[in-house]
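Presented below is the structure to which this report refers.
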Amino acid sequence: MRQLCRFILLLIIVLPLRAEIVDTWQFKNAENQERAVNLAKQLRCPQCQNQNLVESTSPIARDLRLEVYRMVDEGKSNDEIVTFMTSRFGDFVLYKPRLNAQTALLWFSPFILLLIALLAIWRYLRRPRSPAAQLNEQQKSQLAELLEKKP
């Protein structure tokens with residue numbers, strides 16, 4: 001029982017911690033480092049698909065991360081770096097895809113589904129209710145007999 005308590009305590013302590021890849025890239029200043037890391041967090045790893053460039057340990061993510069760092073140190077803007085990455089990998093590399101004709105359904109589908117759900121609920125609530133079926137005299141007498149019988 002003590003081991004279980006220790007294990008649970010360890011999980012409580014360790015689970016909130018997140019490790020990040022530590023690169024040995026030397027930046028010209030701290031602002032460039034912060035901007036490069038934030039930009040790399042906004043770009044998806046082409047191989048892993050569910051991780052950004054900072055979280056991924058794949059070789060291509062490392063190369064792209066270093067490329068982002070290099071471009072930031074060269075003084076390129078975030079837009080130039082994102083344009084470079086999307087020209088190589090398409091909009092897939094962006095965690096937040098741009099709004100255009102190809103991604104419109106992706107952006108608006110939650111709202112469309114919400115409207116459909118609200119419309120279905122509204123129609124369900126507005127439909128006419130059928131009244132309870134009326135019993136004829138014979139059915140009423142049969143019901144009365146069943147209720148009078150005691151087990």
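Odds and ends about this structure:
- Of the residues making up segment 75-82, not a single one is loosely packed, with under 15 Cβ neighbours inside 10 Å, modelled with pLDDT under 85 and assigned to a helix (DSSP H, G or I).
- Contacts under 7 angstrom Cβ, first residue in segment 127-151 being of a type outside the set (A, V, I, L, M, F, W, C), partner part of a loop (DSSP other than H, G, I, E, B) and at pLDDT 85 or above, 6 or more apart: none
- Answer from Asp63, Asp23 - the residue that is more than 29 Å from Trp107 (Cα to Cα), modelled with pLDDT of 85 or more and either exposed (fewer than 14 other Cβ atoms within 10 Å of the Cβ) or not hydroxyl-bearing (Ser, Thr, Tyr) (or both): Asp63
Each row is one residue, and each column tells you yes or no for (1) touching a Leu at 6+ places or on another chain (Cβ under 6 Å); (2) on the phi > 0 side of the Ramachandran plot; (3) of a type outside the set (Ser, Thr, Tyr).
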| residue | (1), (2), (3) |
| --- | --- |
| Ala40 | yes, no, yes |
| Ser109 | no, no, no |
| Ile112 | no, no, yes |
| Arg123 | no, no, yes |
| Arg129 | no, no, yes |
| Ala132 | no, no, yes |
| Glu148 | no, no, yes |
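- Residue within segment 64-86 that is more than 25 Å from Asn29 (Cα to Cα) and touching a strand residue (DSSP E or B) at 6+ places or on another chain (Cβ under 7 Å) present: yes
- In the set Leu66, Leu94, only one residue is in contact (Cβ under 8 Å) with a residue 12 or more places away in the chain and within 21 Å of the chain's Cα centre (by Cα); that residue is Leu94.
- Candidates Arg88, Arg98, Arg123: the one that is in a helix (DSSP H, G or I) and surrounded by 10 or more Cβ atoms within 10 Å (Cβ to Cβ) is Arg88.
The values are calculated or read from the model by the stated rules, or taken from the named source; none is laboratory data. Note that the coordinates shown come from a computational prediction; the quantities given were computed from them, not determined experimentally. Virtual Cβ from ideal backbone geometry, glycine too; neighbours counted across all protein chains shown.
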